[in-house]
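For reference, the structure discussed in these notes is given below.
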Amino acid sequence: MADIKYDIVEELGVLSENSKGWRKEINLISWNGAAPKYDIREWAPDHEKMGKGVTMTKEEVENLKRILNR
């Protein structure tokens, strides 16, 4: 499997943290050199390991915000 390269452009916030120190975070991340997108996933304390997550464009985040504010 090819290596996935990522650059955390901006750490926006921590949603939760489990007993092992893994944190569910929302960040702005550039994946494989592409334009940064909003990303929600669990990260190991050193950001070297990650869990499955969801990546969204700015428009998708705006739609999510609108839906949650109903």
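If you take every residue apart from Glu42 with its C-beta less than 12 Å away from the C-beta of Glu42, what net charge results, scoring Lys and Arg +1 and Asp and Glu -1?
Its environment carries a net charge of +3.
If each residue of separation counts as 0.36 nm, what is the full-extension length gain between Lys5 and Asn32 once their alpha-carbon separation is subtracted? Kindly include the intermediate steps, with their values, before the conclusion.
Working: separation 27, 0.36 × 27 = 9.72 nm, distance 0.48 nm.
Here the segment from Lys5 to Asn32 would lengthen by 9.2 nm.
Across the range 35-49, in residue order, what do the Karplus-derived ³J(HN,Hα) couplings come to in whole Hz, using 6.51 cos²θ - 1.76 cosθ + 1.60 with θ = phi - 60° and x for Gly and Pro?
Result, ordered by residue: 4, x, 10, 6, 9, 10, 6, 8, 10, 5, x, 8, 6, 8, 10 Hz.
Would you mind telling me the share, in percent, of accessible area of the chain contributed by carbon and sulfur at probe 1.4 angstrom?
About 51 percent, which is the carbon plus sulfur part of the accessible surface.
Helix-derived [θ] at 222 nm for the chain: sum -39500 (n - 2.57) over DSSP H runs of at least 4, divide by residue count, nearest 500?
So the calculated ellipticity at 222 nm is -5000 deg cm²/dmol.
Cα-based Rg of the chain per 2.2 N^0.38 Å, rounded to two decimals?
1.16
Taking the chain, which chymotrypsin sites (Phe, Trp or Tyr not before Pro) meet the DSSP loop condition and have no more than 13 other C-beta atoms within 10 Å?
Values: sites: Tyr6, Trp22, Trp31, Tyr38, Trp43; in loops: Trp22.
Passing sites in the chain do not exist.
Checking the cross-link filter: which aspartates and glutamates have an alpha carbon closer than 16 Å to that of Lys65, excluding same-chain neighbours under 8 positions apart?
Asp39
Given the whole protein assembly as supplied and a 1.4 Å probe, what does the accessible area of Met50 come to in Å², nearest 10?
70
Got a sec? Charge dipole of the chain, +1 on Cβ for Lys and Arg, -1 for Asp and Glu; which of Asn63, Ile29, Gly51 is way out at the positive end?
Asn63
Keeping every protein chain in place, order Ser30, Ser19 by accessible area at 1.4 Å, biggest value first, i.e. largest first.
The ranking, largest first, comes out as Ser19, Ser30.
Relative contact order of the chain: what whole-number percent is it, with Cα pairs under 8 angstrom and at least 6 residues apart?
Across the chain, relative contact order equals 23 percent.
Cross-link candidates for Lys20: which lysines have Cα within less than 26 Å, leaving aside residues fewer than 8 places away along the same chain?
Leaving aside lysines fewer than 8 places away in the same chain, those within reach of Lys20 are Lys5, Lys49, Lys52.
The values are calculated or read from the model by the stated rules, or taken from the named source; none is laboratory data. From a predicted model like this one, the values you see are computed outputs, not experimental measurements. All Cβ positions, glycine included, derive from the backbone under ideal geometry; neighbour counts span all protein chains shown. Quick note on the areas: whole protein, heavy atoms, side chains included, nothing else; ligands and nucleic acids left out. Shrake-Rupley method; radii C 1.70, N 1.55, O 1.52, S 1.80 Å.
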